[in-house]
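Trainee: The structure that follows is given in the form of structure tokens.
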Amino acid sequence: MINLGNIDGRQIYFNQYNGLFSSINIPLNITFENGVLIEKRELSKYDISEISFTIAPSLSCNCNCYYCFELNKGGLMTTQISKDISDYIIEKSISSSVIHIHWFGGEPLMKFDSIKLISLKIIDFSKKNSKELRFHLTTNGLLLKKYYKELQSVNISSLQVTFDGPSHIHNRIRNNSFEQIINAINIIDENCLILIRCNVAKSWIKEIPFLIDELSASLKRKNVEIYLHFLYEEMESEWIKEFAYFEIEMIDYIFNKNLIYSFNYKPKLLPCSAHRFNSLMIDCNGNLKKCDHEFGKNTSYGTIYTGVTDLIGFKKWLSYSIDSNSKCRKCQIFSICQGYCISKLLNGACPPRKYNYKAYLKRAYMHKPINESLEYNQNCKI
């Protein structure tokens with residue numbers, strides 16, 4: 001248990017293995033030595049009850065952000081490949097009760113016809129076979145106003161847009177789109193959760209409060225959550241520490257502006273979905289990948305037509321284990337992090353949560369939903 005200290009007159013603890021807050025210190029009996037964590041992790045890798053597909057219908061983009069890892073290499077999904085991807089997803093999802101679809105890019109809305117074609121076929125399949133279906137969209141927001149009315153018809157329940165600093169910086173990087181994106185957010189159906197990612201770069205970190213001011217003044221809808229994220233291209237230890245402390249300041253600032261911060265602190269068994277057998281990335285040409293950072297690169301483990309052919313490369317994602325890393329095993333946030341992003345870990349970098357976890361968890365507790373009962377959490381076991 002992580003002792004968060006006194007909050008509102010109560011001693012509060014965080015159970016890092018079930019993700020719940022408690023006012024009593026529940027003894028934890030989970031260790032690496034007894035194999036419980038390792039066993040659960042291995043089972044989760046091959047769990048087929050859920051299946052997820054991250055699909056890039058377009059590797060082209062109508063922005064040209066200087067830091068983008070995809071370098072705008074281009075490529076648009078054809079109608080035939082859209083149909084074939086639909087068939088592939090249906091075939092692979094027969095044994096799963098929950099299907100996750102994440103639209104990614106490039107800019108996915110540049111091929112909304114492919115999104116619609118695939119979505120409608122999967123929706124029909126899910127209804128006929130009693131599958132739970134969840135759609136998420138990551139977009140730069142430039143085409144949201146054009147397609148906002150149709151998002152509901154393709155079951156988009158959440159979407160993410162990104163701002164690169166306040167309007168005068170964002171507009172320089174992203175085609176004068178700040179006001180256009182705000183206007184689009186405000187007219188999207190309230191049932192759709194909007195996640196706003198605020199990128200924080202070394203060059204504009206001091207400008208972020210001005211971005212929060214603009215969002216506070218401009219956003220007219222309720223179902224919006226905000227979070228801060230550093231640029232991966234700037235990921236090195238000292239900067240991540242600075243970002244971590246800055247994030248806490250901004251969480252307080254965001255709540256003081258009557259906005260909601262999107263907390264992410266629940267324990268997990270794997271660093272990311274790439275380490276799950278039932279998680280695949282599909283690009284606009286039908287190539288199969290394991291990590292979204294492989295979009296726009298030549299890496300491929302097969303296609304929707306051949307299935308996985310590079311078994312050695314594919315299995316590397318499933319066989320990687322963080323348990324041999326003594327540095328991670330001793331870390332108090334291991335259950336939240338699980339080694340973070342493997343490619344970043346190999347460079348010796350840890351995530352911001354390592355440096356701000358107590359302050360972060362305190363604020364997560366203070367701003368938890370009203371129906372999340374502390375008394376209920378006291379009775380939860382590992």
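The values are calculated or read from the model by the stated rules, or taken from the named source; none is laboratory data. Every value quoted in this text rests on a predicted model; they were computed, and no experiment measured them. Cβ coordinates were reconstructed from backbone atoms using ideal geometry, including for glycine residues, and neighbour counts include every protein chain displayed.
Trainee: I'd like the full set of residues that are assigned to a loop (DSSP other than H, G, I, E, B), at pLDDT 80 or above and charged (D, E, K, R), limited to the range 298-335.
Mentor: Result: D310, single match.
Trainee: Looking at this structure, is K206 under 16 Å from C65 (Cβ atoms), surrounded by fewer than 20 Cβ atoms within 10 Å (Cβ to Cβ) and among the charged types (D, E, K, R)? Don't jump to the end; show me each part of the working.
Mentor: Details: under 16 Å from C65 (Cβ atoms): no; surrounded by fewer than 20 Cβ atoms within 10 Å (Cβ to Cβ): yes; among the charged types (D, E, K, R): yes.
For K206, the condition - under 16 Å from C65 (Cβ atoms), surrounded by fewer than 20 Cβ atoms within 10 Å (Cβ to Cβ) and among the charged types (D, E, K, R) - is not met.
Trainee: Consider I115 against the criteria (1) at pLDDT 75 or above; (2) more than 28 Å from K149 (Cβ to Cβ); (3) of a type in the set (A, V, I, L, M): it satisfies all of them except one. Which criterion is unmet?
Mentor: The number of the failed condition is (2).
Trainee: Got a sec? Which of A184, A201 is among the hydrophobic types (A, V, I, L, M, F, W, C) and touching a Lys or Arg at 6+ places or on another chain (Cβ under 6 Å)? Don't jump to the end; show me each part of the working.
Mentor: Working: A201 fails: touching a Lys or Arg at 6+ places or on another chain (Cβ under 6 Å).
From the options A184, A201, the qualifying one is A184.
Trainee: Could you tell me whether any residue of the range 80-96 is touching a residue at least 40 places away in the same chain (Cβ under 8 Å), outside any helix (DSSP H, G or I), out of contact with any Cys (no Cβ under 6 Å at 6 or more places or on another chain) and surrounded by 15 or more Cβ atoms within 10 Å (Cβ to Cβ)?
Mentor: Yes, the conditions are met somewhere in the range 80-96.
Trainee: Could you list all residues from the range 121-144 that are assigned to a helix (DSSP H, G or I) and of a type in the set (A, V, I, L, M, F, W, C)?
Mentor: I122, I123, F125, L144
Trainee: Taking G75 as meeting all but one of (1) in contact (Cβ under 8 Å) with a residue 40 or more places away in the chain; (2) more than 30 Å from I169 (Cβ to Cβ); (3) surrounded by fewer than 22 Cβ atoms within 10 Å (Cβ to Cβ), write down the number of the exception.
Mentor: It fails just one condition, (2).
Trainee: Looking only at the range 276-289, which residues are in a loop (DSSP other than H, G, I, E, B) and touching a Leu at 6+ places or on another chain (Cβ under 7 Å)?
Mentor: Residues of the range 276-289 in a loop (DSSP other than H, G, I, E, B): 276-278, 283-286.
Scanning the range 276-289 gives R276, F277, D283, C284.
Trainee: Of a type in the set (S, T, Y) and buried (at least 16 other Cβ atoms within 10 Å of the Cβ) - does that describe any residue in the range 270-277? Talk me through it step by step, then tell me what you get.
Mentor: At the first step, the residues of the range 270-277 found to be of a type in the set (S, T, Y) are 273.
Those still in the list that are buried (at least 16 other Cβ atoms within 10 Å of the Cβ) too: 273.
Yes: the range 270-277 contains one or more residues that are of a type in the set (S, T, Y) and buried (at least 16 other Cβ atoms within 10 Å of the Cβ).
Trainee: Restricting the search to the range 244-289, which residues are in contact (Cβ under 8 Å) with a residue 24 or more places away in the chain and touching a Gly at 6+ places or on another chain (Cβ under 8 Å)?
Mentor: Of the range 244-289, the ones in contact (Cβ under 8 Å) with a residue 24 or more places away in the chain are 244-248, 250-255, 257-286.
If the condition is that a residue be in contact (Cβ under 8 Å) with a residue 24 or more places away in the chain and touching a Gly at 6+ places or on another chain (Cβ under 8 Å), then Y265, K266, P267, P271, D283, C284, N285 are the ones that fit.
Trainee: Has the range 101-120 got at least one residue that is β-branched (V, I, T), assigned to a strand (DSSP E or B) and in contact with a strand residue (DSSP E or B) (Cβ under 9 Å, 6 or more places away or on another chain)?
Mentor: Pass one, the range 101-120, residues β-branched (V, I, T): 101, 115, 118.
In the following step, the residues that additionally are assigned to a strand (DSSP E or B) were identified as 101.
Now drop any that are not in contact with a strand residue (DSSP E or B) (Cβ under 9 Å, 6 or more places away or on another chain), which leaves 101.
Yes, the range 101-120 has at least one match.
Trainee: Suppose we keep only residues that are among the polar types (S, T, N, Q) and free of Cβ contacts under 8 Å to residues at least 12 places away in the same chain within the range 172-230. Which one would you say is nearest to N356 (Cα to Cα)? I'd like the intermediate steps shown before the answer.
Mentor: Taking the range 172-230 and keeping what is among the polar types (S, T, N, Q), we get 175-177, 180, 183, 186, 191, 199, 203, 216, 218, 223.
With free of Cβ contacts under 8 Å to residues at least 12 places away in the same chain added as a condition, the list becomes 176, 203.
Details: N176: 34, S203: 22 Å.
Ranking the qualifying residues of the range 172-230, first place goes to S203.
Trainee: Filter the range 346-363 down to residues that are of a type in the set (A, V, I, L, M, F, W, C) and surrounded by fewer than 19 Cβ atoms within 10 Å (Cβ to Cβ) and give me whichever is modelled with the lowest pLDDT.
Mentor: L346
Trainee: Taking the range 117-167 on its own, how many of its residues are in contact (Cβ under 8 Å) with a residue 24 or more places away in the chain, surrounded by fewer than 16 Cβ atoms within 10 Å (Cβ to Cβ) and in contact with an Asp or Glu (Cβ under 9 Å, 6 or more places away or on another chain)?
Mentor: 2
Trainee: Take residues that are within 30 Å of F334 (Cβ to Cβ) and either at pLDDT below 95 or touching a helix residue (DSSP H, G or I) at 6+ places or on another chain (Cβ under 7 Å) (or both) and tell me which of the helices (runs of 4 or more DSSP H) falling wholly in the range 171-275 contain 1 or more. Break it down into steps so the answer makes sense when it comes.
Mentor: Details: elements: 178-187, 208-218, 237-256.
Helices (runs of 4 or more DSSP H) meeting the threshold: 208-218, 237-256.
Trainee: Of the residues in the range 155-170, how many are closer than 20 Å to L231 by Cα and not in a loop (DSSP other than H, G, I, E, B)?
Mentor: Of the range 155-170, the ones closer than 20 Å to L231 by Cα are 159-170.
Checking the rest, the ones that are also not in a loop (DSSP other than H, G, I, E, B) come to 159-163, 167-170.
Adding up the residues that qualify gives 9.
Trainee: Within the range 1-45, count every residue that is touching a Ser or Thr at 6+ places or on another chain (Cβ under 7 Å) and modelled with pLDDT of 70 or more.
Mentor: Here the count works out to 6.
One line per residue, one yes/no per condition, for (1) more than 19 Å from the chain's Cα centre (by Cα); (2) modelled with pLDDT of 95 or more:
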residue: S119; (1), (2): yes, yes
residue: I122; (1), (2): yes, yes
residue: F135; (1), (2): no, yes
residue: T139; (1), (2): no, yes
residue: K145; (1), (2): yes, no
residue: Y148; (1), (2): yes, no
residue: S153; (1), (2): yes, no
residue: Q160; (1), (2): no, yes
residue: F163; (1), (2): no, yes
